[in-house]
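A short worksheet on the structure shown next.
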Amino acid sequence: MSVPISSVQLVLAALLMLVSVLLSWRLRLGLGRDIVIASVRMTVQLLLVGLVLGWVFALRHPLPVVGIGLVMTALAGQAAVGRSSRRYPGVYLDSFLAVFGSSFLLTGLALSGILQVRPWFEAQYAVPILGMVLGNTLTGVSLSLDRFTSDVVARRGEIEALLSMGATRWEAGHAAITAAVRTGMIPVLNSMAVMGIVSLPGMMTGQILAGVSPNTAVRYQIVIMFVLSASSALGSLTVTLLAFRALFDSRDRLRAECLMGKERL
Amino acid sequence: MLSASDLRRTVADRVLWEGLNLNVAAGERVAVTGPSGSGKSLLLRALAGLDPLEGGEVTLHGRSQSRWPMPHYRSQVMYLPQRPAFGGGSVLEELRRPFGLKIHSGRPFPLDEAQRWLVALNRPNFLNLSVTTLSGGEGQLLALVRALVLGPSVLLLDEATASLDPDATRAAEAALNEWSGAVPDRALVWVSHDPAQRARVATRELPVVSG
């Protein structure tokens, strides 16, 4: 087991943030406030999550595990839309469905089928794995959604030219769909390419710190990476197809007027 | 052949047209007229089924637009936009592209016919150019030739010669006249701001009255 960290040690670590604050003050980056807020926010969020997870682990019941999972999924679904500059009515539901469908399916498969955790809702496994899957699926969904909606606007002329010549909506939207799914899968492919060489993944490092043998930790990481990339791919595909359905109607028309712009922050 | 009754269109609560009727018979070349902002382009888009109808009905060969499968309908009633957009690749690839669509499958790409139209438009060495190097006018010519070889029944031209010089415009008009007369079942609907052009090409005018 790893060494417990006392509150004094936490404060010591927090002092490290002074480096960034001093830097910001000295170079007049104007980030001091943001750094403090982000640090406090992170600390509070993690301490709270630690408390909640402690309760959930103690309860040993599937309902709180699924409940936490749904809350996490809803937040991820919302965050996936947050970055895109164009939205359409129902985009939040589509994003939630894509994140939910792919993350729950893949996490469920990983828990019950591959890792064979018994019972399947064992929170010690379910919550962290779902968290990792959600984080990566969120990235994929967000990128795909943004790419698809901006492609549809940028290439509207091309798409409508195809429709005008008798293309079905599928034929006309195909290029935008493949580009969007491809974009959503790039981060996971990139991270797989450098995994272990440039980056040592957090879960693996954490397990090693906690005293697990590197061999076991590496095997867990491999399983997780496959689950992550499958979920990311499925999420990207799902959200792209849902957005396609929303923006191309059954009369083979492009409904780009449904897209509302959003002022960038 | 193509008719519309009681069409209605609003943009941001402003009524563009209401109770608009039109009837295009085979062999006709109808010029749609009206001031800027009166919704002439929107009328052509509505006829092509690219925008949903707010009211009224469009029928082709006596059958309501809503009862046609849209790819089939649009292969008959083809819309040519003012600023055509292309994917990339060469002119030849862009000309071939619609023949890869399901609705045109089984039709071989008529290279000879395409080349003949290009010669008629004074662009004999056009095929191997990259579409990204085309000017606005050349893009219009490419879109025009592509529509001509696809051979719809009704061609909806939205300022389709607006970016062309006078010579090229005359050549395009001549090509369109020849095309529409070549087979009895063809008609043209033009939107053109140039009264002289309307006088040259149209067999009658259809004013779009703003509401």
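Throughout, read-outs are computed from the coordinates displayed, never taken from laboratory work. Everything quoted here is computed from the prediction, not taken from an experiment. All Cβ positions, even for glycine, are placed from backbone atoms using ideal geometry, and neighbour counts span all protein chains on display.
What the table shows:
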{"read-out": "B:A187 long-range amide H proximity, modeled H, under 5 Å", "value": "B:G27, B:V154, B:L155"}
{"read-out": "Point-to-point label distance, A:L16-B:D194, nm (Cα→Cβ direction, 7 Å offset)", "value": "7.2"}
{"read-out": "Efficiency of FRET from Cβ geometry, A:L70 and A:V3, R₀ 25 Å, rounded to 0.05", "value": "0.15"}
{"read-out": "Rounded to 5, the percent of DSSP beta bridges in chain B classed as antiparallel", "value": "45"}
{"read-out": "Mean Cα-pair separation over length for region A:161-235, i.e. relative contact order, pairs under 8 Å, 6 or more apart, %", "value": "33"}
{"read-out": "Charge context of B:W68, other residues only, Cβ under 14 angstrom, K/R +1, D/E -1", "value": "+3"}
{"read-out": "Fraction of beta bridges assigned by DSSP in the protein assembly as shown that are antiparallel (%, nearest 5)", "value": "50"}
{"read-out": "Between 0 and 90°, nearest 10: helix A:214-247 axis offset from chain A longest Cα axis", "value": "30"}
{"read-out": "C-alpha long axis of helix B:136-150 to longest principal axis of chain B, angle in °", "value": "80"}
{"read-out": "Value of relative contact order over chain A, rounded to a whole percent, pairs C-alpha under 8 Å and six or more apart", "value": "25"}
{"read-out": "Cα gyration tensor shape for region A:212-265, rounded if a/c is under 1.5, else prolate or oblate", "value": "oblate"}
{"read-out": "Relative contact order (percent, whole number), chain B, Cα cutoff 8 Å, 6+ residue spacing", "value": "33"}
{"read-out": "For region B:76-104 and region A:34-83, distance of Cα centres in Å", "value": "50"}
{"read-out": "Translational diffusion coefficient (Stokes-Einstein; Kirkwood radius from C-alpha pairs) of chain B at 37 °C, 0.692 mPa s, in µm²/s", "value": "186"}
{"read-out": "Mean ellipticity per residue at 222 nm, deg cm²/dmol - from DSSP H runs of n ≥ 4 across the protein assembly as shown, formula -39500 (n - 2.57)", "value": "-18500 deg cm²/dmol"}
{"read-out": "Residue-by-residue Karplus 3J(HN,Hα) for region B:155-169, coefficients 6.51, -1.76, 1.60, Hz, glycine and proline x", "value": "10, 9, 9, 9, 6, 6, 10, 5, 9, 9, 6, x, 5, 5, 4"}
{"read-out": "Rounded if a/c under 1.5, otherwise prolate or oblate - region A:1-94, Cα gyration tensor axes", "value": "oblate"}
{"read-out": "3J(HN,Hα) from dihedral phi, region B:7-18, Karplus parametrisation 6.51/-1.76/1.60, rounded to Hz, x for glycine, proline", "value": "5, 9, 8, 10, 10, 6, 6, 9, 7, 7, 9, 8"}
{"read-out": "Approximate spin-label separation B:S105-A:Q45, in nm, with each point projected 7 Å along Cα-to-Cβ", "value": "4.9"}
{"read-out": "Crossing angle, helix B:111-120 versus chain B [Cα axis fit, 0-90 degrees, rounded to tens]", "value": "80"}
{"read-out": "Derived scalar couplings ³J(HN,Hα) [region B:183-191; Karplus, 6.51 cos²θ - 1.76 cosθ + 1.60; whole Hz; x for Gly, Pro]", "value": "10, x, 8, 10, 9, 10, 10, 9, 10"}
